[in-house]
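Chemist: Just passing along the structure, written as structure tokens.
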Amino acid sequence: MKEQFLKQYNYLFEDELLQEINKVGILKTVSEGDMLMDIGQELMAMPLLINGAIKILREDENGNELILYFIEQGDTCAMTINCCMGQVKSKIRAVAEVDTQLIMVPIKKMGEWMSKYQTWQHFILQSYHDRMMEMFETIDSIAFLKMDERLIKFLRDKAKVNHNDIINTTHLDIANDLHTSRVVISRLLKKLENSNKIELQRNYIKVLDL
DNA sequence: ACATTAAGTGATT
DNA sequence: AATCACTTAATGT
């Protein structure tokens, strides 16, 4: 059941570490739309993605969401890395973007492995760095208030994590993810359609050229 | 046929 | 870019 995992992380970790993960890790399968982690919830384990994709969101006081980034196979959540340095409660919400398989590793192993395996340490630092870079990207796009560019980036990312140029979603859903209104999204999408970048139908967006 | 939900549009701030 | 008000179109019962 964990063959896929072993195959995928084979080149990243040494055998000894792989075996430890295999021993303490729990295989978890989630389906599209499932919430893996909510804001304020305590982090008990750290996820290692085998396949699929997870959407990482932030929420404001009114319950409006804002997407931070997606994580894919080979990625892990930066939030869990934080928690080992004191923070215990999650500041983010994680929702499965597609059906996803992951390995849950108890967080207490984190620190132990950090000093024991240099491949692990490298992996953690690398992921932390990657996630931070992605956050900078989204911060940039928000700060400079270019909704059209944010939307394009969102569609690109979404098509990528779904491994499909056809995105089945509504304008309203997108608006919620990007923390804006549906009307704005509809208009921008219309513009993109007119310049032949996408194709629009009900509950359907086909990415042609982004 | 009717109700519901998704999407398009003009006008205003 | 956000909001309102309204229309049109697609879909479910």
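Chemist: Mind listing whichever residues of segment A:93-111 are surrounded by fewer than 17 Cβ atoms within 10 Å (Cβ to Cβ), at pLDDT below 90 and not small (Gly, Ala, Ser)?
Modeler: A:Pro106, A:Lys108, listed by residue number.
Chemist: I'd like the full set of residues that are in contact with a helix residue (DSSP H, G or I) (Cβ under 7 Å, 6 or more places away or on another chain) and at pLDDT 90 or above, limited to segment A:114-123.
Modeler: Those that are in contact with a helix residue (DSSP H, G or I) (Cβ under 7 Å, 6 or more places away or on another chain) and at pLDDT 90 or above: A:Tyr117, A:Thr119, A:Trp120, A:Gln121.
Chemist: Next question, about the same structure. Can you confirm whether segment A:46-60 contains a residue that is at pLDDT below 90, within 16 Å of the chain's Cα centre (by Cα) and under 15 Å from A:Ile124 (Cα atoms)?
Modeler: Among the residues of segment A:46-60, at least one is at pLDDT below 90, within 16 Å of the chain's Cα centre (by Cα) and under 15 Å from A:Ile124 (Cα atoms), which makes the answer yes.
Chemist: Among the residues of segment A:53-60, is any exposed (fewer than 15 other Cβ atoms within 10 Å of the Cβ) and more than 25 Å from A:Phe136 (Cα to Cα)?
Modeler: Looking through segment A:53-60, none of the residues is exposed (fewer than 15 other Cβ atoms within 10 Å of the Cβ) and more than 25 Å from A:Phe136 (Cα to Cα).
Chemist: For A:Met133, work out the one condition from (1) at pLDDT 90 or above; (2) more than 16 Å from DNA strand C (Cβ to nearest atom); (3) under 21 Å from A:Val98 (Cβ atoms); (4) not β-branched (Val, Ile, Thr) it doesn't fulfil.
Modeler: Here A:Met133 clears every test but (3).
Chemist: Only residues that are out of contact with any Leu (no Cβ under 8 Å at 6 or more places or on another chain), more than 23 Å from A:Gln73 (Cα to Cα), part of a helix (DSSP H, G or I) and within 16 Å of DNA strand B (Cβ to nearest atom): list them for segment A:140-175, please.
Modeler: Residues satisfying the conditions are A:Leu172, A:Asp173, A:Ala175.
Chemist: Being buried (at least 19 other Cβ atoms within 10 Å of the Cβ) and more than 11 Å from DNA strand B (Cβ to nearest atom), is that true of even one residue in segment A:195-207?
Modeler: The answer is yes, given that some residue of segment A:195-207 is buried (at least 19 other Cβ atoms within 10 Å of the Cβ) and more than 11 Å from DNA strand B (Cβ to nearest atom).
Chemist: If we scan segment A:96-112, do we find a residue that is without any contact (Cβ under 8 Å) to a residue 12 or more places away in the chain, part of a helix (DSSP H, G or I), assigned by TED's automatic domain parsing to the domain that holds A:Leu12 and small (Gly, Ala, Ser)?
Modeler: No, segment A:96-112 contains no residue that is without any contact (Cβ under 8 Å) to a residue 12 or more places away in the chain, part of a helix (DSSP H, G or I), assigned by TED's automatic domain parsing to the domain that holds A:Leu12 and small (Gly, Ala, Ser).
Chemist: Restricted to segment A:115-127, and to residues that are in a helix (DSSP H, G or I) and surrounded by 15 or more Cβ atoms within 10 Å (Cβ to Cβ), which residue is farthest from the chain's Cα centre (by Cα)?
Modeler: Residue satisfying both the conditions and the ranking: A:Thr119.
Chemist: Please verify whether A:Met44 is surrounded by fewer than 19 Cβ atoms within 10 Å (Cβ to Cβ), outside the structural domain of A:Arg156 (by TED's automatic domain parsing) and in contact with a helix residue (DSSP H, G or I) (Cβ under 6 Å, 6 or more places away or on another chain), treating the condition exactly as stated.
Modeler: no
Chemist: Turning to a different aspect of this structure: Among the candidates A:Leu189, A:Leu178, which residue alone is within 14 Å of A:Leu68 (Cα to Cα) and either within 16 Å of DNA strand B (Cβ to nearest atom) or hydrophobic (A, V, I, L, M, F, W, C) (or both)?
Modeler: A:Leu178
Chemist: Follow-up question, since we're still on this one. Confirm whether A:Ala78 is crowded, with 19+ Cβ neighbours inside 10 Å and in contact (Cβ under 8 Å) with a residue 60 or more places away in the chain.
Modeler: No: the conditions fail for A:Ala78.
Chemist: I want to confirm something. Restricting to segment A:136-184 and keeping residues that are within 11 Å of DNA strand C (Cβ to nearest atom) and basic (Lys, Arg), which single residue is nearest to A:Tyr204 (Cα to Cα)?
Modeler: A:Arg182
Chemist: Follow-up question, since we're still on this one. May I ask you to list the residues in segment A:57-88 that are in contact with a helix residue (DSSP H, G or I) (Cβ under 8 Å, 6 or more places away or on another chain) and assigned to a strand (DSSP E or B)?
Modeler: Of everything in segment A:57-88, those that are in contact with a helix residue (DSSP H, G or I) (Cβ under 8 Å, 6 or more places away or on another chain) and assigned to a strand (DSSP E or B) turn out to be A:Leu57, A:Glu65, A:Leu66, A:Ile67, A:Leu68, A:Tyr69, A:Phe70, A:Ile71, A:Glu72, A:Thr76.
The values are calculated or read from the model by the stated rules, or taken from the named source; none is laboratory data. Everything numeric here is computed off the predicted structure, so don't read it as measured data. Note that we place each Cβ from the backbone using ideal geometry, even for glycine, and neighbour counts take in every protein chain shown.
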